[in-house]
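Have a look at the structure below before the remarks.
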Amino acid sequence: MSESIEHGTSRTVGDTHTLRFLLHLPQPVEEVWAAVATADGLRGWLAAADVLEPRLGGAITLRWLTTGEGEATVATGWVTAWDVERIAEYTLASFHGRIRFHLSPALTGGTTLRFTNEFRGDDDLRLDCLAAWHNHLEYLLDALDGRPVYWSAWTPDRWRELREVYAGR
């Protein structure tokens, strides 16, 4: 796995949580966009995009590949923001909520990725999601370096480790 990323932050108002991660990536915007806004790209680090209509209002169905066949978490929703090579936002009907990728060219080259996830739930879900997104964003780094996740070998070990770290913060 690639070097680790900075810990994400969270803000809670009532039962609504907003998670944020900031990544500075050496890859150009076009490569990062392909990873966060195409079915092939998403599969390498996040989930299978069984449906992805790349336009505002388009449908999306994500199927997480971290469980056995027939047991996968499936989330359906809509593309709620779409600005090619800048913003891809998916709002899912499940607990995953709103997932936003905001890309901008970095002044020193590469890409700045601002990731936001907004959802409703209890504090345990907040910690679960912080750990999960941290883990998946590490996978994104690997995928951008040409090493997509080999999902059949996936284990929850890294997620558990991250969950403990976030619980202690």
Loop trypsin sites (Lys or Arg not before Pro), segment 25-98 (other Cβ atoms within 10 Å of the site Cβ: 12 or fewer; DSSP): Arg55
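GluC sites (Glu not before Pro) within segment 81-169: which are DSSP loop residues with at most 10 other Cβ atoms inside 10 Å?
Details: sites: Glu85, Glu89, Glu118, Glu138, Glu161, Glu164; in loops: Glu85.
Passing sites in segment 81-169 do not exist.
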Dividing the mean separation of Cα pairs under 8 Å (6+ apart) by the residue count of the chain yields a relative contact order in percent of 25 percent
Where the centre of each part is set by its Cα atoms, how far does segment 78-93 sit from segment 99-145, in angstrom? 14 Å
With a 10 Å Cβ neighbour count serving as the proxy for reagent exposure, in which order, fewest first, do Val29, Val36, Val84, Val51 appear? Val84, Val51, Val29, Val36
Is the shape of segment 113-167 rounded, prolate or oblate, going by the alpha carbon gyration tensor and its root eigenvalues a ≥ b ≥ c, with a/c under 1.5 for rounded and a/b larger than b/c for prolate? oblate
Jot down the radius of gyration and Dmax of segment 18-167, Cα atoms only, both in angstrom. 14.6, 45
Checking segment 82-141 for chymotrypsin sites (Phe, Trp or Tyr not before Pro) in a loop per DSSP with at most 16 other beta-carbon atoms within 10 Å yields Phe95
Nothing charged except the Cβ atoms of Lys and Arg (+1) and of Asp and Glu (-1): what's the magnitude of the dipole of segment 19-91 about its Cα centre? Round to the nearest 20 debye. 180 debye
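All of the numbers you see were taken from the coordinates with simple rules; none came from a lab. Because the structure is predicted, anything quoted here is derived from the model rather than measured. Glycine gets a Cβ as well: all are built from the backbone with ideal geometry, and neighbour counts include every protein chain shown.
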